[in-house]
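Visitor: Before I ask anything, here is the structure I am working with.
Values in this text are rule-based calculations from the coordinates and carry no lab data. These numbers come from a predicted model, not from an experiment. Ideal geometry is used to build each Cβ from the backbone, glycine not excepted, and the neighbour counts take in all protein chains shown.
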Amino acid sequence: MSVTHTPETPEPGTPAATLDTTAIAATDSDLIGSGQEGGIVDQARAYLSRLRGGEMGALPAIAGFIVLVVLFSFLSPFFFTERNFANLLTQAASLVMLGMALTFVILLGEIDLSAGVTAGVTMAVFVVLSDPGGAHLNWIIAFLIALASGLAIGTFIGFFRSRIGIPSFVVTLGLFLGLQGAQLIIIGPGGLYRIQEPAVLAIQNNNMPVWMGWVMLLIILAISFATSMVDRTRRTRAGVPNRTIALMWVRLGVIAVLGAVVIFALSQNRGTAFLAVTGVPIVVPITLVILWIGTFVLDRTKYGRWLYAIGGNEEAARRAGIKVIGIRWIAFVVCSGLAVISGLFAASQVGSVDAAFGRNDVLNGVAAAVVGGVSLFGGRGRLMHAAVGALVISVITNGLGLLNLPSGVNLLVTGGVLILAASVDALSRVRGTKAVEHPTGPFNVFAIVGFVLSFVTAIGGIVLGAIAVFQIREHGGRGRGLAIWAVAIGIIELLIALVIAVTAVLRAQG
Amino acid sequence: MAESSELRPLIELVDVKKGFGPVSVLKGVALKAYPGKVTALVGDNGAGKSTLIKGLAGVQPYDEGQIIFDGEPVTLHTPRDASALGIEVVYQDLALADNLDIVQNMFLGREETELLTFDEGRMEREASETLRSLSVRTVKSVRQKVSSLSGGQRQTVAIARSVLKKARLVILDEPTAALGVAQTEQVLNLVRRLAEQGVAVIIISHNLADVFEVADYISVLYLGQMVAEVETAKTTRDDVVGYITGAKTQARGAAA
Ligand SMILES: Nc1ncnc2c1ncn2[C@@H]1O[C@H](COP(=O)(O)OP(=O)(O)OP(=O)(O)O)[C@@H](O)[C@H]1O
Ligand SMILES: [Mg+2]
């Protein structure tokens with residue numbers, strides 16, 4: 001194996017020296033730690049300290065998801081059923097895709113406000129081209145043309161952002177309006193095209209045979225195992241420590257159990273005794289494949305690493321020789337391309353496309369990404385986070401829908417959740433840049449009390465948590481994470497209380 | 001480094017000029033830096049130090065003058081030209097991505113891949129070994145996010161990054177300006193270690209204590225002219241202050 005500089009070969013510019021295995025063994029103890037050492041307990045501890053450090057990832061969203069599921073299960077007898085579970089997945093699919101699309105640009109600290117209308121206008125192109133009453137092209141060709149128009153839109157945005165230097169907010173706001181006009185012209189005023197192609201309708205409305213769901217789970221496990229093993233082999237070959245293998249088994253176990261529960265639930269008959277409906281909706285594997293490819297690119301290839309680097313510090317990336325313009329440009333193209341797929345999912349689900357199709361979706365997409373833990377400031381977040389965030393938003397929509405609340409409530413709650421998530425994002429960012437690694441000093445009393453209190457009374461948690469945050473900002477001390485959590489939990493409780501109160505009032509009125 | 005190469009400067013600037021419109025900022029400057037040696041570039045605010053460095057980095061080419069690198073005349077028109085020769089600049093605003101870890105930052109833009117995917121093990125090992133070769137002891141884990149590092153540790157990562165790139169000339173623009181006593185000491189040690197590895201180091205600093213501690217040679221810029229190039233061992237602080245303030249001048253090239 002090759003190394004650059006060891007104490008034995010101190011001269012830079014000399015070709016990489018070759019070390020034999022004994023030399024590796026001799027220098028091993030000399031390596032700086034990598035946080036991979038130790039058993040499962042150490043790893044768990046390291047994970048906890050990362051959480052405390054503000055790297056919470058999708059955890060708040062997952063917690064929120066569970067809370068919402070429990071809450072709605074109490075509030076509506078229809079919520080916790082196999083049929084609604086399948087509904088939830090298909091309702092969420094298009095938002096998951098849109099959230100993932102937006103993640104590519106949000107990671108750069110950019111935004112694409114036109115992603116929703118991109119989905120709309122390209123689906124307008126699609127239906128006009130594929131409609132039997134229209135051009136009646138083969139649906140695949142029609143879709144490829146729609147996709148190409150989407151990529152063209154992304155190229156357009158990328159050009160104006162990267163080459164001309166207009167903030168993406170402005171370019172895409174312009175497109176948000178302009179493309180709505182284009183969509184209206186393509187569809188015609190008051191026009192509405194039904195999706196008639198069975199293959200397109202099947203994406204959201206048909207299911208895989210039950211056995212295929214299980215095969216899918218096995219494939220997921222196999223891929224996860226294989227990538228872990230490749231990583232481990234490479235690390236071993238380089239002579240750096242691997243995480244304990246138990247951790248890999250735990251992860252595979254969690255995937256296996258969760259996957260099995262989902263697939264089992266989806267193999268139950270959720271139709272009628274006469275017309276059985278079973279199996280995983282076809283949209284699920286398509287989404288998973290795109291999620292996997294996107295994650296692979298972001299985590300394991302130069303493109304992904306450079307995207308994160310630009311999101312973290314554009315100047316650093318530029319000085320490292322990264323072609324910032326190109327990377328950013330491609331991100332906009334990817335975003336628009338995935339937005340087209342999100343549009344296809346939505347069209348398949350709704351069954352028709354009209355002039356307003358996709359118009360209101362983009363903010364939900366942004367909310368999905370942010371709620372899931374993708375930072376609006378760029379550089380932090382994963383596709384998986386956007387997917388989880390989309391599930392949270394969809395659960396809110398789905399659950400409130402079952403409660404027969406006016407649709408205004410849904411918008412209010414979603415908006416509140418977005419602002420809450422963005423606040424957590426902003427607060428943890430301040431923490432990441434200002435605070436030192438291990439804040440010292442006494443634990444802030446307000447933080448502890450506020451955290452405990454937040455479970456009992458929302459207001460107490462918010463007030464004490466906020467006091468603690470400001471005290472720690474002024475005077476230092478530990479407990480900032482607890483304080484933020486106290487505020488967050490308090491706000492979540494308030495929101496839940498609000499929903500329950502509104503529900504109760506509406507129920508009382510009849 | 002081989003003894004013989006110590007006689008020959010790795011880089012030599014001859015009669016370099018640079019102006020912005022009517023203002024001439026560098027009025028025929030000469031500078032030499034030797035492999036394995038630390039050359040301090042000092043001078044008052046506005047003397048032209050940064051302008052001189054930007055020319056070497058290829059960020060802002062000189063108007064006139066000759067650049068001789070390793071005995072050969074070269075042109076430095078883009079950062080890529082400089083990079084290709086092994087010239088690395090560690091800027092004062094360190095240019096690290098906070099959201100990435102130490103390994104990722106050190107390899108940014110030159111990641112090791114196999115079958116298009118990262119060979120994280122290899123990068124981690126090389127990063128670790130590079131830091132060790134510089135006797136870095138304060139970094140606990142190379143997988144720490146840079147956002148969690150102190151100023152001195154960040155400086156360390158930025159410098160180690162240039163070592164990893166096999167730089168032959170490393171230019172540090174005020175590397176200790178924002179650091180406390182202990183961290184300054186760490187970084188100065190690192191600079192020495194860098195020179196010991198055979199790298200030619202140019203360090204810009206306003207802090208003469210640092211300069212006298214770390215530098216082998218001191219070059220003084222005064223209003224766009226190189227007024228002194230002296231060996232640290234053969235000069236005093238008062239003399240250098242004199243050169244910087246323009247109170248004293250030295251015959252050209254006396255120490256070179
Ligand atoms: N792009 C530019 N356009 C016009 N004048 C410039 C430009 N860059 C530098 N100058 C001028 O050149 C002179 C030298 O600047 P320079 O930044 O090189 O000084 P310096 O020695 O690095 O100072 P300091 O110690 O404050 O960093 C200054 O008078 C400055 O105003
Ligand atoms: Mg300067």
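Visitor: Using a 10 Å cut-off around each Cβ of peptide B:143-152, what is the average number of partner chain Cβ atoms that fall inside?
Guide: Partner-chain Cβ atoms within 10 Å, mean over residues of B:143-152: 5.
Visitor: How long, wide and thick is the range B:110-256, going by the Cα atoms along their three principal axes, in whole angstroms, largest first?
Guide: Over the range B:110-256, Cα extents along the principal axes are 60, 30, 24 Å.
Visitor: What size of dipole, in debye to the nearest 20, comes out for the range A:208-301 about its Cα centre when the only charges are +1 on Lys and Arg C-beta atoms and -1 on Asp and Glu C-beta atoms?
Guide: 380
Visitor: Another one. For a quick protection proxy, order the peptides A:39-52, A:163-176 by their average other-Cβ count within 10 Å, most packed first.
Guide: A:163-176, A:39-52
Visitor: Now a separate question. Per-residue HN-Hα couplings for the range A:280-287, Karplus 6.51 cos²θ - 1.76 cosθ + 1.60 at θ = phi - 60°, whole Hz, x for Gly and Pro?
Guide: Calculated HN-Hα couplings, in order: 7, x, 4, 5, 5, x, 4, 4 Hz.
Visitor: Divide by every residue of the protein assembly as shown the summed helix terms, -39500 (n - 2.57) for each DSSP H run of at least 4, and state the resulting mean residue ellipticity at 222 nm, rounded to the nearest 500 deg cm²/dmol.
Guide: -19000 deg cm²/dmol
Visitor: What do you get when you divide the Cα radius of gyration of the range A:183-301 by 2.2 N^0.38 Å, with N the number of residues?
Guide: 1.51
Visitor: Using θ = phi - 60° and the Karplus relation 6.51 cos²θ - 1.76 cosθ + 1.60, list the HN-Hα couplings for the range A:483-493 in order, rounded to whole Hz, with x at every Gly or Pro.
Guide: With the stated coefficients, the range A:483-493 comes to 4, 4, 4, 4, 4, 4, 4, x, 5, 4, 4 Hz.
Visitor: How would you order B:59-72, B:194-207, A:113-126 from highest to lowest mean count of nearby Cβ atoms within 10 Å?
Guide: Averaged packing, sorted descending, gives the order A:113-126, B:194-207, B:59-72.
Visitor: Still on this structure: Given H placed 1.01 Å from N in the peptide plane, which residues other than close sequence neighbours of B:Thr113 have an amide H under 5 Å from its amide H?
Guide: The answer is B:Asp119.
Visitor: I need to check one value: relative contact order of the range A:101-194, counting alpha carbon pairs closer than 8 Å and at least 6 residues apart, in percent.
Guide: It comes to 38 percent, rounded to a whole number.
Visitor: Rounded to a whole number, what is D in µm²/s for the range A:137-188 from Stokes-Einstein with the Kirkwood radius over alpha-carbon pairs (10 °C, 1.306 mPa s)?
Guide: Using the Kirkwood radius from Cα pairs, D works out to 130 µm²/s.
Visitor: Rounded to the nearest 0.05, what FRET efficiency do A:Ser407 and B:Val181 give with R0 = 45 Å and r taken as the Cβ-Cβ distance? Could you check? Before the final figure, lay out the partial values.
Guide: Values: r = 63 Å, r/R0 = 1.40.
Given R0 = 45 Å and the Cβ-Cβ separation, E is 0.10.
Visitor: At a threshold of 8 angstrom on Cα-Cα distance, excluding pairs fewer than six apart, so keeping six or more, what relative contact order does chain B reach in percent?
Guide: Taking the mean separation of contacting Cα pairs over the length of chain B, I get 26 percent.
Visitor: If you line up the Cα atoms of the range B:41-113 on their principal axes, what length do they span on each, largest first, in Å?
Guide: 40, 32, 17
Visitor: Relative contact order, percent, of chain A when contacts are C-alpha pairs under 8 Å separated by at least 6 residues?
Guide: Over chain A, the number comes to 25 percent.
Visitor: Taking the simple approach of a point 7 Å from Cα along Cα-to-Cβ for both A:Ala44 and B:Ile68, what is their distance in nm?
Guide: 6.7
Visitor: Let me ask another. A 31 angstrom limit on the alpha carbon distance is what I want to check against. Which of A:Lys323/B:Lys54; B:Lys140/B:Lys234; B:Lys32/B:Lys140; A:Lys323/B:Lys37; B:Lys18/B:Lys145 exceed it?
Guide: Cα-Cα > 31 Å for B:Lys140/B:Lys234; B:Lys32/B:Lys140; A:Lys323/B:Lys37; B:Lys18/B:Lys145; rest within.
Visitor: Amide H neighbours of B:Gly28 under 5 Å, counting only residues 5+ apart in sequence or on other chains, H built in-plane at 1.01 Å?
Guide: B:Val16, B:Lys17, B:Lys18
Visitor: Counting only Cα, what are the radius of gyration and maximum Cα-Cα distance Dmax of the range A:437-509, in Å?
Guide: 15.1, 55
Visitor: Which of the listed residues, A:Gly343, A:Ile245, A:Leu495, is farthest toward the dipole's positive end in the protein assembly as shown, when Lys, Arg count +1 and Asp, Glu count -1 at the beta-carbon?
Guide: Result: A:Leu495, furthest along the dipole toward the positive end.
Visitor: Taking the Cα centre of chain A as origin, work out the dipole magnitude from +1 charges on Lys and Arg Cβ and -1 charges on Asp and Glu Cβ, in debye rounded to 20.
Guide: Details: 31 positive and 23 negative charges, 56 e Å.
Taking the Cα centre of chain A as origin, the dipole is about 260 debye.
Visitor: On to the next question. Roughly how compact is the range A:298-453, stated as its Cα Rg over 2.2 N^0.38 Å to two decimals?
Guide: Cα-based Rg divided by the globular estimate yields 1.30.
Visitor: Among A:327-337, A:491-501, how do they line up from the highest to the lowest mean number of other beta-carbon atoms within 10 Å?
Guide: Taking the mean over residues of other Cβ atoms within 10 Å, the ranking is A:327-337, A:491-501.
Visitor: While we're looking at this one, here's another question. Taking θ = phi - 60°, what integer Hz values does the Karplus form 6.51 cos²θ - 1.76 cosθ + 1.60 yield along the range A:153-166, in sequence order, with x for Gly and Pro?
Guide: 4, x, 4, 4, 4, x, 4, 5, 6, 7, 8, 8, x, 7
Visitor: How far is helix A:59-75 tilted, in degrees, relative to the longest principal axis of the Cα atoms in chain A, given as a value from 0 to 90 rounded to the nearest 10?
Guide: Around 40 degrees separate the two axes.
Visitor: With the radius of gyration and the Kirkwood radius both derived from the Cα set of chain A, what is their ratio Rg to Rh?
Guide: Result for chain A is an Rg/Rh of 0.99.
Visitor: Next question, about the same structure. Can you tell which of B:Ser135, B:Ser148, B:Leu115 lies farthest toward the positive end of the dipole of the range B:93-166, using +1 and -1 charges on the Cβ of basic and acidic side chains (Lys, Arg; Asp, Glu)?
Guide: Final value for the positive-end residue is B:Ser135.
Visitor: Hey, with R₀ at 35 Å, roughly what FRET efficiency would A:Asn138 and A:Val210 work out to, going by the Cβ-Cβ distance, to 0.05?
Guide: In this case the efficiency is close to 0.70.
Visitor: In nm, to one decimal, how far is the A:Phe225 label point from the A:Ile325 one, both placed 7 Å along Cα→Cβ?
Guide: If labels sit at A:Phe225 and A:Ile325, their model points lie 4.8 nm apart.
Visitor: Placing one identical point scatterer on every Cα of the range B:93-166 and ignoring solvent, what is log10 I(q)/I(0) from the Debye formula at q = 0.18, 0.22 Å⁻¹?
Guide: At q = 0.18, 0.22 Å⁻¹ the computed log10 ratios are -0.63, -0.94.
Visitor: For A:Leu113, enumerate residues with amide H under 5 Å from its amide H, sequence gap 5+ or separate chain, H modeled in the peptide plane.
Guide: The list, which skips near neighbours in sequence, is A:Thr172, A:Leu173.
Visitor: Mean 1/r over all different Cα pairs, inverted: what Kirkwood radius does the range A:85-204 give, in Å?
Guide: Every distinct Cα pair counted, the radius reaches 15.5 Å.
Visitor: Related question: Quickly work out the B:Asn45-to-B:Asp81 label distance, labels modelled 7 Å from Cα along the C-beta direction, and quote it in nm with one decimal.
Guide: Distance between label points: 3.2 nm.
Visitor: Taking only the C-alpha atoms, wrap a convex hull around chain B and report its volume per residue in Å³ as a whole number. Don't skip to the end; give the middle numbers.
Guide: Working: hull volume 34.8 nm³, N = 256.
Per-residue hull volume (Cα only) is 136 Å³.
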